[in-house]
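Visitor: Below: one structure in structure tokens.
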Amino acid sequence: MLEFLYPREYLASVREVTPEKLRALGIDTLLFDIDNTIVPYWIRTPDEGVKAYFKTLKDGGIKAGVLSNSREERSRDFCAPLGIPYVYRAGKPGIGGFKKLIEKMGSLPQKTALVGDQIFTDVWCANRAGAYSILVKQVSPKDELITAPKRPFEKIVVKMYLRREAKK
Ligand SMILES: [Mg+2]
């Protein structure tokens, strides 16, 4: 019933999304939410560990980009050191920003995965766009004010999703 909100995969961390895994799925493009997906919202720039992770993606032939609902400075400051494209104020779960970004990257929705920590923005957007949706556990329990109220509802959806997965 809530199929459109279910991720294709639910992982503990973005670090589990490897080039090998993506290639096996026929995916060549990986889009990221930033806040609470890669780093907590108050970390403005990528550290060495994050840089190393993005290098493994690049070396593995995966194109990376950022799709963020946040303001421009957020995406710019985070993406510049990584040298990756972004679309800010993406309006997820709307798919306008998604389309703009994959066009910029020369990618196709069916060859794209979108990884994020929120069901109602990231997962829903990916599913609507025809991309492969990956939900990850939030890196910090602290959320921005705009996100916090949605979490109890997300927990219900995740519980239903996990129950269904267990039956498979
Ligand atoms: Mg997020």
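Visitor: State which residue pairs qualify: first residue under 17 Å from Ile134 (Cα atoms) and inside the stretch 147-166, second residue surrounded by 11 or more Cβ atoms within 10 Å (Cβ to Cβ) and among the aromatic types (Phe, Trp, Tyr) in any location, beta carbons under 6 Å apart, and separation of 6 or more residues or different chains.
Guide: Tyr161/Tyr6
Visitor: Could you list, in sequence order, the residues of the stretch 86-101 that are more than 13 Å from Arg76 (Cα to Cα) and charged (D, E, K, R)? Walk me through how you get there before you give the answer.
Guide: Start the filter on the stretch 86-101 by keeping residues that are more than 13 Å from Arg76 (Cα to Cα), which leaves 90-101.
Residues satisfying the conditions are Lys92, Lys99, Lys100.
Visitor: Quick one: how many residues across the stretch 128-143 are away from the ligand (no atom under 16 Å from the Cβ) and crowded, with 16+ Cβ neighbours inside 10 Å?
Guide: Narrowing the stretch 128-143 to residues away from the ligand (no atom under 16 Å from the Cβ): 128-132.
Add one more test, that the residue is crowded, with 16+ Cβ neighbours inside 10 Å, and what stays is 128-129, 131-132.
Counting residues in the stretch 128-143 that are away from the ligand (no atom under 16 Å from the Cβ) and crowded, with 16+ Cβ neighbours inside 10 Å gives 4.
Visitor: Here's a follow-up. Give the residues of the stretch 106-123 that are in contact with a Lys or Arg (Cβ under 9 Å, 6 or more places away or on another chain), in a strand (DSSP E or B) and within 11 Å of the ligand (Cβ to nearest atom), sorted by residue number.
Guide: Result: Gly116, single match.
Visitor: Pairs please, first residue from the stretch 33-47 and of a type in the set (Lys, Arg), second anywhere and within 13 Å of the ligand (Cβ to nearest atom) and modelled with pLDDT of 95 or more, Cβ atoms under 9 Å, 6+ apart in sequence or on different chains.
Guide: That search, which allows pairs on different chains as well, returns Arg44/Arg74; Arg44/Phe78.
Visitor: Is it true that some residue in the stretch 111-133 is modelled with pLDDT under 95, acidic (Asp, Glu) and under 25 Å from Tyr10 (Cβ atoms)?
Guide: Looking through the stretch 111-133, none of the residues is modelled with pLDDT under 95, acidic (Asp, Glu) and under 25 Å from Tyr10 (Cβ atoms).
Visitor: Further question on the same structure: Based on this model, can you work out whether Phe98 counts as in a helix (DSSP H, G or I), within 16 Å of the ligand (Cβ to nearest atom) and surrounded by fewer than 17 Cβ atoms within 10 Å (Cβ to Cβ)?
Guide: Working: in a helix (DSSP H, G or I): yes; within 16 Å of the ligand (Cβ to nearest atom): yes; surrounded by fewer than 17 Cβ atoms within 10 Å (Cβ to Cβ): no.
It is false that Phe98 is in a helix (DSSP H, G or I), within 16 Å of the ligand (Cβ to nearest atom) and surrounded by fewer than 17 Cβ atoms within 10 Å (Cβ to Cβ).
Visitor: In the stretch 30-59, which residues are of a type outside the set (S, T, N, Q), more than 16 Å from the ligand (Cβ to nearest atom) and out of contact with any Leu (no Cβ under 8 Å at 6 or more places or on another chain)?
Guide: As a first pass, look at the stretch 30-59 and keep what is of a type outside the set (S, T, N, Q): 30-35, 38-44, 46-55, 57-59.
Restricting the remaining residues to those that are more than 16 Å from the ligand (Cβ to nearest atom) gives 47-49, 51-55, 57-59.
Asp47, Glu48, Gly49, Ala52, Tyr53, Lys55, Lys58, Asp59, listed by residue number.
Visitor: In the stretch 4-16, what residues are under 17 Å from Pro109 (Cα atoms) and in a loop (DSSP other than H, G, I, E, B)?
Guide: Pro7, Arg8
Visitor: Free of Cβ contacts under 8 Å to residues at least 40 places away in the same chain and of a type in the set (Gly, Ala, Ser): is that true of Ser70 in this structure? Before the answer, list the steps.
Guide: Working: free of Cβ contacts under 8 Å to residues at least 40 places away in the same chain: yes; of a type in the set (Gly, Ala, Ser): yes.
Taking the combined requirement at face value, the residue satisfies it.
Visitor: For the stretch 118-168, how many residues are among the charged types (D, E, K, R) and either under 17 Å from the mean Cα position of the chain (by Cα) or within 22 Å of Tyr88 (Cα to Cα) (or both)? Reasoning before the result, please.
Guide: Filtering the stretch 118-168 down to residues among the charged types (D, E, K, R) leaves 122, 128, 137, 142-144, 150-151, 154-155, 159, 163-165, 167-168.
Those left that are additionally either under 17 Å from the mean Cα position of the chain (by Cα) or within 22 Å of Tyr88 (Cα to Cα) (or both): 122, 128, 137, 142-144, 150-151, 154.
Selection size over the stretch 118-168: 9.
Visitor: Something else now. Which ones in the stretch 134-167 are closer than 20 Å to Ala12 by Cα and not in a helix (DSSP H, G or I)? Lay out the reasoning, then the answer.
Guide: We begin by selecting, within the stretch 134-167, every residue closer than 20 Å to Ala12 by Cα; these are 134-143, 147-148, 150-166.
Across the stretch 134-167, the qualifying residues are Ile134, Leu135, Val136, Lys137, Gln138, Val139, Ser140, Pro141, Lys142, Asp143, Thr147.
Visitor: Name the residue, out of Phe4, Phe54, that is under 25 Å from Gly94 (Cα atoms) and either touching a residue at least 24 places away in the same chain (Cβ under 8 Å) or touching a Lys or Arg at 6+ places or on another chain (Cβ under 8 Å) (or both). Working first, answer last.
Guide: Details: Phe54 fails: under 25 Å from Gly94 (Cα atoms).
Answer to the selection: Phe4.
The values are calculated or read from the model by the stated rules, or taken from the named source; none is laboratory data. Just so it is clear, the model here is predicted, and its values are computed rather than measured. All Cβ positions, glycine included, derive from the backbone under ideal geometry; neighbour counts span all protein chains shown.
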